[in-house]
1. For residues that are in a strand (DSSP E or B) and free of Cβ contacts under 8 Å to residues at least 40 places away in the same chain, scanning just the stretch 420-447, find the one that is least open to solvent (accessible area, probe 1.4 Å).
2. Six or more apart or on different chains, Cβ atoms under 8 Å: show the pairs whose first residue is in the stretch 649-661 and over 11 Å from G605 (Cα atoms) and touching a residue at least 12 places away in the same chain (Cβ under 8 Å) and whose second is open to solvent by less than 30 Å² (accessible area, probe 1.4 Å) and among the acidic types (D, E).
3. Among the residues of the stretch 448-504, count how many are polar (S, T, N, Q), out of contact with any Pro (no Cβ under 8 Å at 6 or more places or on another chain) and in a strand (DSSP E or B).
4. Could you say which residue among A685, A726, A670 is surrounded by fewer than 22 Cβ atoms within 10 Å (Cβ to Cβ), hydrophobic (A, V, I, L, M, F, W, C) and closer than 30 Å to V568 by Cα?
5. Restricting the stretch 281-322 to residues that are at negative phi and small (G, A, S), which is surrounded by the most Cβ atoms within 10 Å (Cβ to Cβ)?
6. Which one is most open to solvent (accessible area, probe 1.4 Å) among residues in the stretch 593-632 that are within 18 Å of T535 (Cβ to Cβ) and without any contact (Cβ under 8 Å) to a residue 40 or more places away in the chain?
7. Hey, among G325, G347, which residue is open to solvent by less than 20 Å² (accessible area, probe 1.4 Å), part of a strand (DSSP E or B) and at pLDDT below 95?
8. Among the residues of the stretch 510-518, is any surrounded by fewer than 20 Cβ atoms within 10 Å (Cβ to Cβ), in contact with a helix residue (DSSP H, G or I) (Cβ under 9 Å, 6 or more places away or on another chain), in a helix (DSSP H, G or I) and of a type in the set (D, E)?
Amino acid sequence: MHQSYKHQTLFFAIAAIFAVAPNIGAAADTALPEVVVSGVRPNPELIVSDPQPTPKSSVTKEGINLLGGPGHTSIYAPLDLMPSVIVESPDPYGLSPTRNINIRGKDDFHIARDVEGLPIYGIVGGTDLFDLENVAREDVYRGGLAANQGLGVSNATGAVDQLLLGPRAKFGVFAEQAFGSFDFRRTFVRVDTGTLPQSGTRAFISASTATTDQWTGAGNESRNNAMVGISQQFGESVKVDFDMVYNKFKGDNYRALTYTQVQALKSNYSYAYNTSLTGNAATDVNYFNFNRTQYENFAALAKIDVKLAEGQHLVLKPYYWNDNGVAYSASGSNVQIWPQQNDNIGGVLEFQGHYGMGTDVVAGYWYQSMQPPPPPTDQTKNTVAANGSLNFAGWTTLANIDPYIVNSPYFQVTQTLGHTLLSGGLRYMDLGAPKMQYYKTAGVPNVPIDQVWGYNPTPDANAAVVARNYYQFLPNIGIRQELSPEWSANASYGRKFGRPDWGPQASNYIGSEAAFIAKGVSLQSLVNQVKPELTDQIDLSARYNNGELNLVPTVFAAKNQNRQVMVVDPALGGLSYYEGTANTTQYGVELEVSYQINKSWSIFGSGTVASETYDKDTPTLSGGADLATKGKQIPNAPKSMLKGGFTYFCGGLSITPIMRYIGQRYGDSAQTRPVSGYTVVDLNASYDFGHNIRLTLNALNLFDRVYISEISPNDTNLNGATAYYAGAPRTVAMTLSAKF
C-alpha cells in the first residue's frame, strides 16, 4: 500500500475508534469544569510577557485569532509583533513553505519549532501542521533557555512552541468560512464531544481546506488538513492526551528576484515563473509547473502524565512525524526533481517535582531519530521536451545516509526565596551525525530508488563521510527579583546550540565534484569545515505592570562561535562552500509595551535597536585572501525595528490597525547590496453579532507598499548569490465564524 494511503487509513481508523470511546471503560472525570463567560471581554491582551528569568513572550488565543491572518495556518504569522522578530514571506496567507522568521538577526535554520515542547517538525520537508484554531498559545524564547525548553537539533536562534487547544469539556461546533483577494478560499470546522458520560473521555475532530492563487499571477496553492485530539483520565493518577494530524500541501513556488531586479523593484514586483511553454527547453525550465512542491504529512504526539505523589509527576511524551514529498525546481537548463521521504521519531521522559520551601525540579531525557534528508539522498535532472513533458536525463545525487540520532539528558532546578527566584540547569547535547556514502550515477537507469541498488552503482571514494558525534554542555542560570508589587528585574545567561548544516555542503560538492577534486578537496574535508554553532546569551530586563500599563525593557548581548557562513572562493575558481569559522558579537535593546487606556481603547507596541557584527575577516578554504567581514553587520539583520497598533472596542465592534517598520538590511556581508527599509500597515476589524457569530475583515499591506520581504539565504551569505522575494501587495479577506 502506498505510504500516504497507509497514513490516511491509520488516521481515520483511530478516529473511528475514539468515536466510540464511551464504551472503553469507566474513569473518574477529575478535570475542572469549563468556565463559560458571557459577554465580550474588551481589549484582551494579544501578547504577554512571562516574568520568568529567561525572556519569554506569548501570543494569547486572542492574539492568534487577530495576528494569525485569514490563512490561519502559519506558525510564524502570529509572532510578527514581537520585538526583534521579522516574519518574511511573499505569501500573504502563510500557506507557502517559502518563508523565514528572523529573531535577533538570526534566521529560522537554527530555531527550535516545537509543539507541546516536542521537536516534531523535521529538518526538511512539510509545511505547517496545525490549523491555528487548534492552537491555544504560542511561546517565543528570544534569549537563553531553561534546560527543558527549546528541545531541537538547533536552538541557537531561539525557540517557538505551539500549545494545542485540547478537547473542550462541553459539546460544541465551531466553523469558519473565509474568502479574499487572489481567489482565496478557506473552510474550517471543529467538533468537540464534550466530556462523555461513563468514560469521561473528551475528544475533538477538525478539518480544513484552503486554496489561493499566487498574487504574482503564476501558480496556486492548496492545503487540506484533518486533526483528532483525545483526552482521557484514568482514575486519579493517570491522564493521557493524544493528538494526531494529517496535512497535505501542494503549491507552485514564488520566483525570487536578483539584486539587479531589486534596484527596479516596481518594474519587477510581480516577477513570476512562466505561465506558458515556448518550446525552448532553456526557457521552459522556468515554467511554473516545473517549480513546485507537494508534501503529505502525518504526525502524532501523546502525553502520559502519571502522578507519583502530591506535586510529583512522571511524564512520557512520545511523538512521530512522517513527510512524503517532492520538490521540482529549475537547475540550469534542467529541471531537478527531489523526492523527500523522511521519518522523525522520538520521545521525552521527564520527572517534574514541586517540593516544600519553593523548590521545583525537572529532570528528563530526550531521544530522537531523524531519517534524511538532508542532505538529499536521491535527485534527478530532467530535460523539457518540445511537447512540455519531462524526460529523465540522469541522476544528479544518489546516496546512502544513515539517520541522525540525538541523545540529550537535562535537569533544571528552580528555588523561590521570598521575593527572589533562582533557576539553573544543564542540558547535555549529543548529536550523532550520519555516515554518508555517495555513488557515481553514470549509466544508472530511471527506476524507483529502492530498485536502484540492484544495478550496483559504484561508491564514490571522494564523496564519503564518516559518522561522528557532536557533544556539548548547555548550561543556563537566571534570577528574578520582585522589587515591588509592580516592578521586577530579571537576569539570565544561557548557552544555545546550532547543528552543522551538512545538506548544502554535500550538495555543493556533488554539484561541482570534478572542480573540487581538481583542487584536492574531498567531501570529508569539506564537511570538516562546519561545526556546531554556539551562542552564549545574556539578557537583563525589567518589568512594570500595574494592571493597565505593562512595560518590559530588555538589554541583551551574545557571543556567537562557529557561525556557519557561505563562501564563494575566488581562489577555487568561484566554487561555493560553507564553513563554520565566523565569530560574531551581538548586542541590543528591546522594548515591549501595552496600555489599557479604558474599556474602549488600548495601545501596544515593541521596538528594537540591535547590532551583530563579525569579529574578524573570514579565511577561505583555499588559503587565499580573507573575506573582508570584520566589523560588518550580518546579512538580513536590520539595526532598528518599530511595531505597534491600537484597538478600539465599542459594543460588538473591534478595530485594530497595526504598523510595522523594518530598517535597512543587507543581502551580503560586504554591505554592497543594501535593501531599503519599509513600513507596512495592516487593518483588522471584527463585529460580533451576538449568538457566537462574528465577521472579521483583514486588510494586509493596506497602503499597497512595494517592498522586499524575504532575503534568502539569510544571515549565512557572505559573498554569493542572494534571492530576494517581494512582499505581497494589498490583500483583503473576510471571515465569518460561528460557534454552536
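1. Going through the stretch 420-447, the residues in a strand (DSSP E or B) turn out to be 420-433, 436-439.
Then drop every residue that is not free of Cβ contacts under 8 Å to residues at least 40 places away in the same chain, which leaves 432, 437.
Numbers: G432: 9, Q437: 39 Å².
For the stretch 420-447, the residue satisfying everything is G432.
2. P657/D682
3. Here is the first cut: in the stretch 448-504, the residues polar (S, T, N, Q) are 451, 456, 458, 462, 469, 472, 476, 481, 484, 488, 490, 492.
Checking the rest, the ones that are also out of contact with any Pro (no Cβ under 8 Å at 6 or more places or on another chain) come to 451, 456, 458, 462, 469, 476, 481, 484.
Pick out the ones that are also in a strand (DSSP E or B) and you get 462, 469, 476, 481.
Result for the stretch 448-504: 4.
4. On the way: A685 fails: closer than 30 Å to V568 by Cα; A726 fails: surrounded by fewer than 22 Cβ atoms within 10 Å (Cβ to Cβ).
From the options A685, A726, A670, the qualifying one is A670.
5. Ranking the candidates gives A299 first.
6. Within the stretch 593-632, the match that is most open to solvent (accessible area, probe 1.4 Å) is K616.
7. Working: G347 fails: at pLDDT below 95.
Unique residue meeting the criteria: G325.
8. Yes, there is a match, as at least one residue in the stretch 510-518 is surrounded by fewer than 20 Cβ atoms within 10 Å (Cβ to Cβ), in contact with a helix residue (DSSP H, G or I) (Cβ under 9 Å, 6 or more places away or on another chain), in a helix (DSSP H, G or I) and of a type in the set (D, E).
The values are calculated or read from the model by the stated rules, or taken from the named source; none is laboratory data. Bear in mind the structure is a predicted one, so any value in this text is a computation, not a measurement. As a convention, Cβ positions derive from the backbone with ideal geometry for all residues, glycine included, and neighbour counts pool all protein chains shown. These area figures cover heavy atoms from the full protein model, side chains too; ligands, DNA and RNA do not enter into them. Shrake-Rupley method; radii C 1.70, N 1.55, O 1.52, S 1.80 Å.
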